[in-house]
Amino acid sequence: MSLRCRLTWLALYALAMGWLEAAVVVYLRAIFYPGGFGFPLVPLPPAMAAIEVAREAATIVMILAVAAVAAAGAWEGFLNFAFVFGLWDLAYYAGLRLALGWPGALTTPDILFLIPVPWVGPVLAPVIVSLLLVAGSVTLLRMRSAAGVGAEALRPRAREWGTGLAGGLLIIFTFTIDAGAVLAGGAAPPYRWWLFGAGVVLGGAGFAAVVARFRGIMKRT
């Protein structure tokens, strides 16, 4: 299967999953936030909270499984996962906007994830991350495809992985640092955009290093 065909099928899956995720959240908000979602959060019954955490975990497993099945190896599987995850998240917010007219602005705070603690941040932050994941994964998949038989030589090195991972963990930290305040019944604190920006720069540096090395290898082959 060509890369274009594979990405098309993965995109269709991601868009469908994003709409499914949005539909579930529409139902949850109709039950727990009939007047509209906002902070402070409405406490979920323990059983319902456990079900929601399990549902989120199942969603990640579903994305991971499809990414792995469509891949020729671990590195390609990782890129597939980044592509599907990013497009799924974008489709999710598009679905909420279509169904509920929410969010009213990209700066609106949201609960992004629940594992292992609630992730909190303005909608714009995960949208930026998702756009970067989609653009970055497609770029690297295309470069890998163009490399042909030399594709295995294009795996990222430890330093490139480390830089990208550090950026990703810093971004996750900006989402989880205020979990305690939100769980205590408070409003969403001001988001730490400067930390988010630092994480994006670190992740971008790792990506740029991979692209630069890939291009150097491709010129020599």
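The values are calculated or read from the model by the stated rules, or taken from the named source; none is laboratory data. Model, not experiment: these values are computed from the prediction. Cβ sites come from the backbone with ideal geometry, for glycine too, and all protein chains shown count toward neighbours. Keep in mind that these areas ignore ligands, DNA and RNA; they rest on the heavy atoms of the full protein, side chains included. Shrake-Rupley method; radii C 1.70, N 1.55, O 1.52, S 1.80 Å.
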- With the first residue restricted to the stretch 65-89 and required to be farther than 20 Å from ARG155 by Cα, and the second required to be surrounded by 19 or more Cβ atoms within 10 Å (Cβ to Cβ) and polar (S, T, N, Q), Cβ contacts under 6 Å at 6 or more apart or on different chains are GLY86/SER130; ASP89/SER130
- Name the residue, out of ALA91, ALA67, ALA71, that is within 15 Å of VAL138 (Cβ to Cβ) and assigned to a helix (DSSP H, G or I). ALA67
- Message: So, in the stretch 30-59, how many residues would count as being in contact with a Leu (Cβ under 7 Å, 6 or more places away or on another chain) and in contact (Cβ under 8 Å) with a residue 60 or more places away in the chain?
- Response: 2
- Top-ranked residue of the stretch 155-164 - restricted to ones that are part of a helix (DSSP H, G or I) and touching a residue at least 12 places away in the same chain (Cβ under 8 Å), ranked as nearest to VAL42 (Cα to Cα): GLY164
- Picked from the stretch 107-128 (must be outside any strand (DSSP E or B) and open to solvent by less than 40 Å² (accessible area, probe 1.4 Å)), the residue farthest from ALA82 (Cα to Cα) is THR108
- Item | Every residue from the stretch 165-187 that is open to solvent by less than 30 Å² (accessible area, probe 1.4 Å), within 22 Å of the chain's Cα centre (by Cα) and in contact (Cβ under 8 Å) with a residue 40 or more places away in the chain | ILE171, THR174, PHE175, ASP178, ALA179, VAL182
- Task: Answer with yes or no whether TRP102 is outside any helix (DSSP H, G or I), in contact (Cβ under 8 Å) with a residue 12 or more places away in the chain and open to solvent by less than 40 Å² (accessible area, probe 1.4 Å).
- Result: yes
- Message: Which pairs turn up if I take residues in the stretch 199-212 that are closer than 23 Å to SER145 by Cα and look for partners that are β-branched (Val, Ile, Thr) with beta carbon separation below 6 Å, at least 6 apart in sequence or on another chain?
- Response: ALA205/THR163; GLY206/THR163
- Test: VAL134 is under 19 Å from GLY86 (Cα atoms) and either in contact with a His (Cβ under 9 Å, 6 or more places away or on another chain) or open to solvent by less than 40 Å² (accessible area, probe 1.4 Å) (or both): yes
- Message: Looking only at the stretch 73-91, count every residue that is over 16 Å from LEU132 (Cα atoms) and open to solvent by 20 Å² or more (accessible area, probe 1.4 Å) and tell me the total.
- Response: 2
- Task: From the list PHE196, PHE214, PHE207, PHE175, pick out the single residue that is modelled with pLDDT under 95, within 18 Å of GLY86 (Cα to Cα) and not charged (D, E, K, R).
- Result: PHE207
- Could you tell me whether the stretch 190-198 includes any residue that is touching a residue at least 40 places away in the same chain (Cβ under 8 Å) and outside any helix (DSSP H, G or I)? yes
- Item | Filtered residues of the stretch 17-54 (kept if open to solvent by 50 Å² or more (accessible area, probe 1.4 Å), assigned to a helix (DSSP H, G or I) and touching a helix residue (DSSP H, G or I) at 6+ places or on another chain (Cβ under 8 Å)) | TRP19
